1. Here are the criteria: (1) polar (S, T, N, Q); (2) modelled with pLDDT under 95; (3) surrounded by 15 or more Cβ atoms within 10 Å (Cβ to Cβ). Tell me which single one ASN509 does not satisfy.
2. Return the only residue of TYR464, TYR447 being touching a helix residue (DSSP H, G or I) at 6+ places or on another chain (Cβ under 7 Å), outside the structural domain of GLU359 (by TED's automatic domain parsing), hydroxyl-bearing (Ser, Thr, Tyr) and over 21 Å from ASN495 (Cβ atoms).
3. Can you tell me which condition LYS11 does not meet? The list is (1) closer than 23 Å to LEU82 by Cβ; (2) in a loop (DSSP other than H, G, I, E, B); (3) not aliphatic (A, V, I, L, M), and all the others hold.
4. For the condition touching a helix residue (DSSP H, G or I) at 6+ places or on another chain (Cβ under 6 Å), outside any helix (DSSP H, G or I) and surrounded by 15 or more Cβ atoms within 10 Å (Cβ to Cβ), what is the one hit in ILE293, ILE318, ILE280?
5. Mind telling me which of the residues ARG163, ARG151 ends up being touching a Pro at 6+ places or on another chain (Cβ under 9 Å) and among the basic types (Lys, Arg)?
6. (1) modelled with pLDDT of 95 or more; (2) touching an Asp or Glu at 6+ places or on another chain (Cβ under 6 Å); (3) of a type outside the set (Ser, Thr, Tyr): which one isn't true of ILE156, the others all being true?
7. Which numbered condition trips up GLU126, out of (1) surrounded by fewer than 21 Cβ atoms within 10 Å (Cβ to Cβ); (2) in contact (Cβ under 8 Å) with a residue 60 or more places away in the chain?
Amino acid sequence: MKFLLTAVNAKYIHSNPAIYSLRAYSVQKDPELEKNIELAEYTINQPFQDILADIYGRKPDCIAFSCYIWNWEMIRDIVRELAKILPDVPVWLGGPEVSYNAEEILEKLPFLTGIMVGEGEETFRELLCYYRNGSTRENAGLEKIAGIVFRRHAGICRTGERRLTDISELPFFYNEEDIGDFHNRIIYYESSRGCPYRCSYCLSSIDKTVRLRSRELVEKELQFFLDKKVPQVKFVDRTFNCDHKHAMGIWKYIKEHDNGITNFHFEISADILKEEELAILQSLRPGLVQLEIGVQSTNPRTIEEIRRSMDWERLRQIVAALREKENIHIHLDLIAGLPYEDMESFRNSFNEVYACRPEQLQLGFLKVLKGSYMHEKASEYEIHYTDKTPYEVLFTKWLPYDQVLKLKKVEEMVELYYNSGQFVHTLPVLEKAFSDPFCLYERLAEYYEEKGYFINNPARGYRYQVLLDFAVSAEPEKEELYRQLLTLDMYLRENMKSRPAFALTLLENQEIKEKINDFYRREEKNPTCLTQYVQDGCTSRQMARMTHIECFTLPVWEKEPLKHNNETAIYYLLFDYRKRNPLNQEAYTILLPLT
């Protein structure tokens, strides 16, 4: 008997820890069950027919799908067709997207056998044993399995609620044999379940019982990732630092056992960080940790209404303190469409969060999730959202649809220009041309609309030229400054083989070319800047190809370059692409004393 556990991920780099945990738990309880379980992972971007054909080719005796808002539409279509090509194979669902209204889903999809509700490890094991031991067409005996809703005779039956899992009893589902399957994919890890907060838009607020995995197990499992030099481990704990002792223990461990490669991602509540936690975070190697911090709104009325606990002023101070050491990648979140947040309120929230200068500013839109408190209050708030997943806000009594559409375009500009990290020197200068940062991205979105770029989106490299054209339209007198700022930003990220059209033409000057060639020849004989290249046996020509020297007439790497302007100066800036900043991947730069 083969039970196929199936996941449809949003991207290839993602994995589905749920199906791995279900398999590992069952096998731990009974090693003989391993031969009865097979895993299948796909993505929502794969051709539908290819997924269907692959499932059919695996010849399963029973199938279960892990359901979320990002894959529900596709899974629903898949199981509808499976009912035709595998009519005698039981099909089960599980996951947050189907746990709330299981009976309704079974009513609408008569070809489904049942739904696992809530945490699924023990439920799946019992279900697997039920089919291995011989099921019946009438599903007799399923009523003994807690935590399921299933079809029986002409009706639908819900069994008793499954008790919450002691997560220290769950096995570690990564192992020596399988870790290679996660090459170039995100590794997800869980050290706690549940959340003590009651945020009205979040399903985690339903489970307020926080359960911690034992420190001994966590440290052993983290060491496995460190030994394997996994690039990134993403903790899926809803509020990682809700337990001070737990968080401190893990942060101390990864500091003491840092392998210089692995990065750990945590979702935290910044305003509850204690001084001890702040101190250890500030002491970490640059790139060891990245933090995701949900702000959602800085409007006090909105925060109160969504039942969120947040001290914005304290959060702002903590983020400022974390940024001082320039060692942690910080990701701040905003949500558009929340109660009592109109366009002016959102503009203010955006500007206040933007002022924190996070590496990433995620401008998201409210998802009205089934089972959440926001779902219950949607009518009262006059929140209208899509019937199809991801149940995203269309408009509210405070934010009309046309303004939601405007925010969608602002979101795209923030993603392309701020979150890309490509324009870190240009944007701070350009912001000063507008009344506030939100206005900059609002105007940039209008510019994209005028030029038709939302339809014909500029390629990554051409976005520099688009931003130059936009900047010059706002401040034509600063064209030279913007040209050099964008040249700096471009070469910080990429060792371009062809020069951008907006770059200075100084490198065409034969005398300047010879100065640069002389520098590389001197480095080959007596290195002062490129010692490692010489130790590796690189010639002057090879060093010239692997690095880049750019000429500037303005010190655009300064915070206020125009204040340091010397009309006769030529600056030679070396970009070393072997040595990159671990937070933003910018090349290491050296100002060369070439005269």
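1. Unmet for ASN509, out of (1) polar (S, T, N, Q); (2) modelled with pLDDT under 95; (3) surrounded by 15 or more Cβ atoms within 10 Å (Cβ to Cβ): (3).
2. Result of the check over TYR464, TYR447: TYR447.
3. Of everything listed in (1) closer than 23 Å to LEU82 by Cβ; (2) in a loop (DSSP other than H, G, I, E, B); (3) not aliphatic (A, V, I, L, M), LYS11 misses just condition (1).
4. Every option except ILE293 fails the conditions.
5. None of the other options fit; the residue is ARG151.
6. (1) is the only condition that ILE156 fails.
7. (2)
Residue-by-condition table, conditions (1) surrounded by 13 or more Cβ atoms within 10 Å (Cβ to Cβ); (2) in a loop (DSSP other than H, G, I, E, B); (3) at pLDDT below 95; (4) assigned by TED's automatic domain parsing to the domain that holds ASP258:
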| residue | (1), (2), (3), (4) |
| --- | --- |
| ARG151 | yes, no, yes, no |
| GLU177 | no, yes, yes, yes |
| ASN184 | no, yes, yes, yes |
| CYS195 | yes, yes, yes, yes |
| ARG198 | yes, yes, yes, yes |
| TYR201 | yes, yes, yes, yes |
| LYS208 | no, yes, yes, yes |
| GLU221 | yes, no, no, yes |
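The values are calculated or read from the model by the stated rules, or taken from the named source; none is laboratory data. Source: prediction; values computed, not measured. Here Cβ is always computed from backbone atoms with ideal geometry, including for glycine, and neighbour counts include all displayed protein chains.
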